Each structure stands twice: as structure tokens, then as C-alpha cells.
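Report on one structure; see the data block that follows.
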Amino acid sequence: SFCVSGPSIPRCPGQPVCAAVIADFSATSTTVAPIPNAGTGQLVQTVTVTGPPADCRVTDVDLRLDLSHSVMSELDVSLSHASATGEMFTDICASAAGFQQILDDDAATHVTACTSLSGAPATRRKTESGTGLNVFNGRPANGVWTLQVLDDFLPGLGSGSINGWSVAGTCRYRQLVP
């Protein structure tokens, strides 16, 4: 028994019926790690989403990010999953010293609005392009999600660490209805 997706298909009496189901997913990293200075590599961390059915496709995803860095404008941040990469931001906010936010492409304020970036991560900001997280829509929710943080400015100027991050969102799959 399986669910056929696509345009409406005429049903015969007794034929199985499928319904769209929305599920939540999330994965969190609490690993604190230094962000390598320019010219010495990048910070790469992964989390793995498990739980939703294998055919559950992302409909929305947000990235909670907690960074401490003395010069935020040195950092490029991207997220990769299922052969897609979204740029979260590049060299933003001049000398802002930290970032505790939730990146959400449905938010009203862009990440480049550089006020109140530190503190409780209750503020939601769009990615720099406004669509950096949308690249994951339609991809399987399960699997490895990879965060990359690159300090691309002068070696030794700014320094910092990642203090934690997570992905959370919704995905959609089809389920047989008895």
C-alpha cells in the first residue's frame, strides 16, 4: 500500500486514500568550539535529524545560531543539507560582537538590521538574501545538516566561538487513511 502524489486521480470504491501530514523535526548541537582565524580553515559542525518518515519533505526550516565573535563582519555562515547549501549571511554588522538569533526566511526583519543581535534568541531574522533557508524546501528532513562558519578577514583581528545551534522546522508526507 502506497500513496500516489500528484494531480487528482479518480478513485475506485475501496481504493486507499492518502492524506497529507505535517510533522515537526529538529536537531541541536551544544558543542562549543572556537572559530578558526582567517587562513586557518573553517568551523564545520553537523547535526542529524531522525524521526520523521523517510519521505517527509521540508516545508519550512529555521536555524537558531549562538555565536560569540569580536568582529561579526569577519564571518560567513552557511548551512548545507541533502546536496543543497544556503548562505545565511556574509560579513554583516561591522564590529558587532555576537549573534544569538533565529534565522527564519518568513521573518519581517533582515539579518543585516544590526541592532540587538546579542541576548536571548527570541528575535527572528531573515537570512541575508531572504531566501537562504528556502533552498531546503522539498528536500528530505532526515539526514545530516552541516553548519559552516568561516572567518575570512585578517588573521588575528577578531576571534570567537560557536556556542550552539539547531535546525527546527516542519515537513510534509503522505499517509494512508484507513
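Given R₀ = 45 Å, what would the calculated FRET efficiency be for Asp91 paired with Thr59, taking r from the Cβ atoms and rounding to 0.05?
0.90
Given H placed on each backbone N at 1.01 Å, which residues far from Ile35 in sequence or on other chains put an amide H within less than 5 Å of it?
Distant-sequence amide H within range of Ile35: Gly160, Ser161, Ile162.
Between Val17 and His110, what FRET efficiency comes out of the Förster formula 1/(1 + (r/R0)^6) with R0 = 35 Å and r the beta carbon distance, rounded to 0.05? Can you show the working numbers first?
Details: r = 43 Å, r/R0 = 1.22.
It comes to 0.25.
Once neighbouring chains are kept in place and the probe is 1.4 Å, which whole percent of the accessible area of the chain is contributed by carbon and sulfur?
C and S fraction of accessible area: 54 percent.
Leaving out ligands, DNA and RNA but keeping every protein chain, what accessible area does Thr85 have, in Å² rounded to the nearest 10, with a 1.4 Å probe?
Thr85 has an accessible surface of roughly 90 Å² with all protein chains in place.
Residue by residue, what Karplus-based ³J(HN,Hα) values in Hz, rounded to whole numbers, does region 34-46 have, using 6.51, -1.76 and 1.60 with θ = phi - 60° and x for Gly and Pro?
Going residue by residue, I get x, 8, x, 5, 3, x, 10, x, 9, 7, 10, 9, 10 Hz, with x marking Gly and Pro.
Taking θ as phi - 60°, what are the ³J(HN,Hα) couplings along region 19-32 by the Karplus curve (6.51, -1.76, 1.60), each to the nearest whole Hz, with x for Gly and Pro?
Values per residue, Gly and Pro as x: 10, 6, 10, 9, 10, 8, 9, 6, 7, 10, 10, 10, 6, 8 Hz.
With every protein chain kept in the model, how would you rank Glu128, Glu87, Glu74 by accessible area, 1.4 Å probe, largest at the top?
Greatest to least solvent exposure: Glu87, Glu128, Glu74.
The values are calculated or read from the model by the stated rules, or taken from the named source; none is laboratory data. Predicted model, so just to flag it, every value in this text is computed and none were measured. Neighbour counts are summed over all protein chains in view; Cβ atoms, including those assigned to glycine, are modelled from backbone coordinates with ideal geometry. Accessible surface areas use protein heavy atoms only, side chains included; no ligands, DNA or RNA. Shrake-Rupley method; radii C 1.70, N 1.55, O 1.52, S 1.80 Å.
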